[in-house]
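Below: the structure, in structure tokens.
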Amino acid sequence: MAAVQETIDQVKSIDVDQYKYGFVTDIESELAPKGLNEDIIRFISAKKDEPEWMLNWRLDAFQRWKTMEEPEWARVDYPKIDFEDLHYYAAPKTQEGPKSLDEVDPELLETYKKLGIPLSEQEVLAGIAPENRVAVDAVFDSVSVATTFKEELAKAGVIFCPISEAIREHPELVQKYLGSVVPVSDNFYATLNSAVFSDGSFVYIPEGVRCPMELSTYFRINERNTGQFERTLIIAEKGSYVSYLEGCTAPQRDENQLHAAVVELVAHEDAEIKYSTVQNWFPGDSEGKGGIYNFVTKRGDCRGANSKIAWTQVETGSAITWKYPSCILRGDNSVGEFYSIAISNGHQQVDSGTKMIHLGKNTSSRIISKGISAGVSQNTYRGQVSAHRKAKNARNFTQCDSLLIGDKCGAHTVPYIESKNATAVFEHEATTSKISDDQMFYCQARGLDEEAAVALIVNGFVRDVIQQLPMEFAVEAQKLINISLEGSVG
Amino acid sequence: MLEIKNLHAEVEGNKILRGIDLTVKPGEIHAIMGPNGSGKSTLSYILAGKEDYEITEGSITYNGEDMLELGADERAAAGMFLAFQYPIEIPGVATMTFLKTALNAQRAARGEEELSTPDFMKLVREKAADLKVTPEMLRRPLNVGFSGGEKKRAEILQMALLEPTLCILDETDSGLDIDALRIVSEGVNKLRSPERGMIVITHYQRLLDHIVPDVVHVLSKGKIVKTGGKELALELEANGYADYVGEEA
């Protein structure tokens, strides 16, 4: 309620073309030369001080990638990416693995402060009850610059660190799980990521542990002409629970930047992983110039019986989004959930959705997708629900709602439903609506101006999904949605 | 004070209002009656600022301000309120949230401070109880799945909360059973005050038994054809509109 008013004020205070996080951090970077070849991969691997097996894994991925074609089935349109014209590694120069926060470049701390992500633990601690604390891993271009609350988490046995550190410190875990959910040759971008991934977060929750605080990673792409290829791996052992948040922003630049991440989640028996994303990469300007190409592979494996994985995403940024967080429901009675708000405005193109692959018995999944299109954007929901022969009593419920603002945008729904077991029950509901003139007039007749009326109606439209977000993120997400839609009426 | 002078309006070339003159002073209740299609609802929409109509002639001023220059939200902030004949559904927005957003938007537009949540809640609870609006109803999305009576009660609740200086009630009695009509009318009567003017649009006399008007107008084919006291409504009830709508009817 208060958030709505706050958003309106915020919306009013900014111009149409202004992306709040568009500033550039002036920091000297170490860049790998442009282009992609074995030497670059060796360079990245050496920078990370990686063991031999990791290098070989990357090289193998690279060999496979060279034989693969860029996928073209998505409803997105962009000029061909010149993969030779990108830097595959960029790191702040002063940043050779700081031991503590005191060693982190003040310029970087300032950057995250501006983004509203305090990295100083003292600051985070000020006035916040322990159960509401959030541990943060901050990834800047290709490296993790800081991870907070590591010690406190270690007391509970939780490992939360940059994946580059995990490769060195916990090779047995990484070797066991890396690529076990998203195989190296899964798809063009995932394979590219496997070859050149530079950093990301690693989370390990031991058996029976309920992670004592929210974990989060904050991704920032700063350097121009770079690709960010982060890799996240989360493992929840038997009976454990973790809630993980991910946020992303990038400076406002004229040229497009590439972001091709891979996220793998593994939930063992009785474990639960809740993964929330608020994606706010630079969407390009009002002419459609610049913006992030967001080609992401996210997949969770409900490996054990009674396990549960829930994806919640609020997608407001990126010039192009190509993303389908999925669940493989392998364990009997496992549960997969996908809650999504995807907003496109201006020239943005979104092709996003999920896959629910039912393999085990009595598995159930739920998909709630809310697409909001404005400007001249295109917004596609693409979702697959399938039941394997052995997936007895598989259940899915899909609700897919689109809201159009204005008459120059498009909303599309592409469901793929496949059942090889007669006992499976899949339900799919889809609606497309416009904010009606009657609704606008009604709200305005009660004193809301045009923008406040749109904000209120949209907030109502996305309510089911917002409710799934952790409290502090819900408020943020609500603000973000309204800012993204600012200038979409009148 | 509301002053409508020689108001002409049309939609897609069809003339709907053909020269309306109406003055409503603070404290007065004016009833506007008339057959279907006479332009009653159009008049209420135009007063509230709906943009679908072209005003070809005439003026609307309220407290000296030219209303035709203002948007619907600005008119609301200036103290006008339209209780809709068919209230609109706002899915996902709890009634309570809607009430608070609307109240604070108007307060902000008038340069007043936002009401604190506890003060707001207290206010709503008081007003809601009068109209038999339950806390459960306040949690539900506004007008979604509301019965006819609930919708109208919610409209009057908004009116009570926003405390407008000019209330326009568009067929508030339609779709109400006797009990609901009584509750709604009591809610409206509670808002009668020397500072507040009202325009009550209705087909039927029965609403005017509960909300007794000072002046009754008969609207026909976009014009006010007869103005009288409250007894005019009784006469209409007995004889119908035939005397006033001309030979064509």
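In order along segment A:66-81, phi translates into HN-Hα couplings of 4, 8, 9, 10, 5, x, 10, 6, 6, 7, 9, 9, 7, x, 4, 7 Hz, rounded to whole numbers, per the Karplus curve 6.51 cos²θ - 1.76 cosθ + 1.60 with θ = phi - 60° and x for Gly and Pro.
Tell me, what is the FRET efficiency for B:H210 and B:D21 to the nearest 0.05, using R0 = 25 angstrom and their Cβ-Cβ distance as r?
Numbers: r = 27 Å, r/R0 = 1.10.
It comes to 0.35.
Between B:A129 and B:V11, the contour length at 0.36 nm per residue exceeds the Cα-Cα span by 38.4 nm. For segment B:2-248, the antiparallel share of DSSP beta bridges with both residues in that region comes to about 55%.
For the pair A:R210 and A:H428, label points projected 7 Å from Cα toward Cβ lie 3.8 nm apart.
Loop-located trypsin sites (Lys or Arg not before Pro) in segment A:250-350 (DSSP state other than H, G, I, E, B) with a sparse environment of at most 16 neighbouring Cβ atoms within 10 Å: A:K289.
To the nearest 0.05, how large is the calculated FRET efficiency for A:F83 and A:F397 if R₀ is 45 Å and r is the Cβ-Cβ distance?
On the way: r = 40 Å, r/R0 = 0.89.
After rounding, the FRET efficiency stands at 0.65.
In sequence order, segment B:78-93 has phi-based couplings of 6, x, 8, 9, 10, 8, 6, 5, 10, x, 8, 7, 10, x, x, 9 Hz under the Karplus curve 6.51 cos²θ - 1.76 cosθ + 1.60, θ = phi - 60°, and Gly or Pro positions carry x. Within segment A:260-288, name every residue whose backbone N is under 12 Å away from a label modeled 7 Å from Cα of A:V376 along the Cβ vector. Those under the cut-off are A:286-288. Among the listed pairs A:K434/B:K122; B:K122/B:K190; A:K370/B:K132, a Cα-Cα separation exceeding 25 Å is found for A:K434/B:K122; A:K370/B:K132. Compared with the direct C-alpha span, the chain from A:M68 to A:N37 gains 9.7 nm at full extension, assuming 0.36 nm per residue. For segment B:2-248, averaging the sequence separation of C-alpha pairs within contact (under 8 Å, six or more residues apart) and dividing by the residue count gives a relative contact order of 29 percent.
If R0 is 41 Å, what FRET efficiency do you get for A:L59 and A:N421 from their C-beta distance, rounded to 0.05?
Working: r = 41 Å, r/R0 = 0.99.
Plugging the Cβ-Cβ distance into 1/(1 + (r/R0)^6) gives 0.50.
Evaluated at q = 0.14, 0.17 Å⁻¹, a Debye calculation over the C-alpha positions of segment B:2-248 (equal weights, vacuum) places log10 I(q)/I(0) at -0.95, -1.36. The gain in end-to-end length when the A:K390 to A:Q467 segment is fully stretched comes to 24.4 nm, 0.36 nm per residue minus the alpha carbon separation. For A:G247, neighbours were defined as the other residues whose beta-carbon sits under 10 Å from its Cβ, and their charges (Lys and Arg +1, Asp and Glu -1) total -1.
Each value in this text was obtained by applying a stated rule to the coordinates, not by laboratory testing. From a predicted model like this one, the values you see are computed outputs, not experimental measurements. A quick note on method: Cβ atoms are made from the backbone with ideal geometry, for glycine too, and the neighbour counts reach across all protein chains shown.
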